[in-house]
Amino acid sequence: MKLTRRDFLTNLGYGSFLVASGALAALFARFLTPNIVTPAPGPVEIGSPDQYALGSLTHIENARVYLGRDERGFYAISAICTHLGCAPRLDGDEFACPCHGSRFARDGRVLSAPATRPLDRVFVGRSANGKLFVERSRQVDADYRLV
Amino acid sequence: MKFWRKEKSILYALHPEKIPASGARLTYTFGLGGIAVLASLVTLLTGVALTFYYVPTPTDAHASIILIQDVVSFGAVMRGLHYWGAQVMVVAVTLHLARVVFTGGYRPPREFNWLIGVALLVITLVWDFTGYVLRWDDGAYWAFLVGTNLLREIPAYGETIYRAIVGDAQIGANALLRFYGWHIFGLTAAGVFGIVYHLWRLRKDGGISRPVLDENETREFISRDELFFREFITSALISAALVFLTLIFPAPIGTAANLDAGVSDVRAPWIFLWVQNLLRVIPPLWAGIIAPMFVLALIIALPFLDRRGPGRAIWFARERWKPQAILVVIAIVLSALSVLEVWR
Ligand code: HEM
Ligand code: FES
C-alpha cells in the first residue's frame, strides 16, 4: 500500500498527539512525586532509667516503642508491625497485631504469620542529663543493650 | 411569550421520544443504573455542602466532622445523606453490573459501554475509600495506613508509587490533603465525566438492550412521559429511603485517630473486608495487589467470553452461561472471605 501525503500527515498528527499526551501524563506523575519529605522523627526523651524496673516491658506511645529492661540493660522494640505497619499490642506475654493477627514473642520474634520479620529493634541512648531517649530512625541488632 | 417549555428542557434532551417497553420494565433493569445516578447526585450535592465545614488536616479533620454532626444545623442530615448516598451508590453500581451480566446487556455493540461501566465501578470504590479516609478516626486511619503500605509491596516501583500517591514518606498531613483533593475534585471530575459518557453512549448504542424478536412479535413502546413518570416514582422512593436511613442510622464516626496508641480491633470498610482477610493468609503483594487486579481483569473480560448468538436481553439465558458462572463464583468467593472477616 502506498502512503499518500495526506495519510502521512494524518498519522503524524495522531502520533504527535499521542506523544504529547504521554508526556503530559508523565509530567503529572512527576509533579505528584514529592522532592522533599517529612524527616523521620528524631530522638524522643522517655524519662529516667529508674522509672523502668528490671524485667519490665513498657509501652511508650509517643515514641511507638516498647522499652524493655533486663540484666544486660535497656532495649527498645518497635511497636510497628513488620507486616503492613499497624500497631501490635502486648497481650499477656505476646504482641498481637489488630490488623491481620500476626503474633510476636516478648522479644519480637514472629510467633505466627502473616508477618515474616521480627519486630525491629530501636536505638536507646542516655542524654547528658541522665534521661533515656529512643531514636526510631536508628535500627539496632537484637542484642543491643544500653548498659 | 412562553418562558419555559418542557419540550425544551434538558430532561427532554436526555430522553428519547419513546423507548421499547421491554427495556423500561422494572424487572429488566430494576432501575439500578438510574438509582446509581440519583445516589451520585445526592452525594455530590451534600458533599459540596460538607466542604464548607470540613477541614482536611490531621489535627482538625475529626473535630470538624464532630462539629458538622453536633453543632451545624442539619449537619447530621447533610453528612448522613452523603454517607448513605455513597453506600447506596456502591450497592447500586455493583447490582447494576450483575444485572448487565445476567441479562447479557454487554453484548455488541455495548461492550465499550461495559468498559466505561467498569471504570465507573473502580472510580466509585476509590471515591468511597478516599472519603472514608477523610474521617480521620481510628478505623479510617489504620485502613489508610495498611492500604497505602500495600503500595510499597509492588516490586521495584513500590516506593515511587507510594510517594506519588501519598505525597510523603509516611501518611500524615500531606497524604490527607491529597486524598481530599482526589476525593472532592479528581474523582468527582472523573466520575461525572464517566457518568455522562456512559449515558450518552447508552443512547448511541440504541438504548437499553432488548431481545431479538420472532417474526410474529411486534415491539411495544412506552412514551417519554411514561418514562418520566417511572423515573419520578423511583427517585421519590429512593430519596425517601435515603432520608429514612439517615434519620434511623446516623453516619458512623469513631474516636479521633491516635497514631501512637493503636487499637485492639481494626476493620477495613465493608467493601474491602475480603482483602483484609486475604492479607491474613497470603503474602501482601498477592492479597492486596494481585488478587484485586485479577478480579478486576476477570470482570473486564466477561463480555469477551460471550460475543454473539441467542440469549441477548434475557435473564439467565443458558447460552451465556460462562460469564454468569464466573460472576457467581466471584460473588461467592468475595462474600465468603468478607463474612469470615466479620466473624472474627
Ligand atoms: C462532589 C462530590 C463529593 C464531594 C464534594 C464530597 C465531599 C466530602 C467531604 C468534604 C467529606 C468529609 C466529611 C465527612 O466525612 O462527613 C466526605 C466524606 C465521604 N465521602 Fe464524599 N464527596 C463527594 C462524593 C462522594 C462519592 C461519590 C462517594 C462514594 C461513592 C463519597 C464517599 C464518601 C464517604 C464514604 C465519606 C466518609 C463519610 C462519613 O463517614 O462521613 N463521596 N466527602
Ligand atoms: S499489619 Fe500487623 S498483621 Fe498485618
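No value in this document is a laboratory result; all are computed from the given coordinates. What you see is a predicted model; the values in this text were computed from it and never measured. Ideal geometry is used to build each Cβ from the backbone, glycine not excepted, and the neighbour counts take in all protein chains shown.
A few notes on this one:
- Considered as a group, the residues in segment B:162-187 that are surrounded by fewer than 20 Cβ atoms within 10 Å (Cβ to Cβ) and in contact with a Leu (Cβ under 7 Å, 6 or more places away or on another chain) include one that is farthest from the other protein chains (Cβ to nearest Cβ), and that residue is B:I165.
- Segment B:305-332 residues that are in contact (Cβ under 8 Å) with a residue 40 or more places away in the chain, paired with ones that are among the basic types (K, R) and surrounded by 13 or more Cβ atoms within 10 Å (Cβ to Cβ) (beta carbon under 6 Å, 6 or more apart): B:D306/B:R320; B:G311/B:R320; B:R312/B:R107; B:A313/B:R210
- Selection status of A:L67, without any contact (Cβ under 8 Å) to a residue 40 or more places away in the chain, over 22 Å from B:G288 (Cβ atoms), away from chain B (no Cβ under 12 Å) and more than 16 Å from ligand 1 (Cβ to nearest atom): no
- Scanning segment B:260-318 for residues that are in contact with a strand residue (DSSP E or B) (Cβ under 9 Å, 6 or more places away or on another chain) and more than 13 Å from chain A (Cβ to nearest Cβ) gives no hits.
- Count of residues meeting criterion [within 10 Å of chain A (Cβ to nearest Cβ), in contact with a helix residue (DSSP H, G or I) (Cβ under 6 Å, 6 or more places away or on another chain) and assigned to a helix (DSSP H, G or I)] in segment B:133-161: 3
- Criterion (crowded, with 16+ Cβ neighbours inside 10 Å and either facing chain B (nearest Cβ under 9 Å) or under 28 Å from B:G288 (Cβ atoms) (or both)) met by exactly one of A:F123, A:F28, A:F104, A:F74: A:F104
- Taking the numbered list (1) in a loop (DSSP other than H, G, I, E, B); (2) away from ligand 2 (no atom under 14 Å from the Cβ); (3) hydrophobic (A, V, I, L, M, F, W, C); (4) in contact with a helix residue (DSSP H, G or I) (Cβ under 7 Å, 6 or more places away or on another chain) in turn, A:A128 passes all entries but (4).
- The condition of being more than 14 Å from every other protein chain (Cβ to nearest Cβ) and in contact with a helix residue (DSSP H, G or I) (Cβ under 6 Å, 6 or more places away or on another chain) holds for only one of B:R224, B:R219, B:R230, B:R210, that being B:R210.
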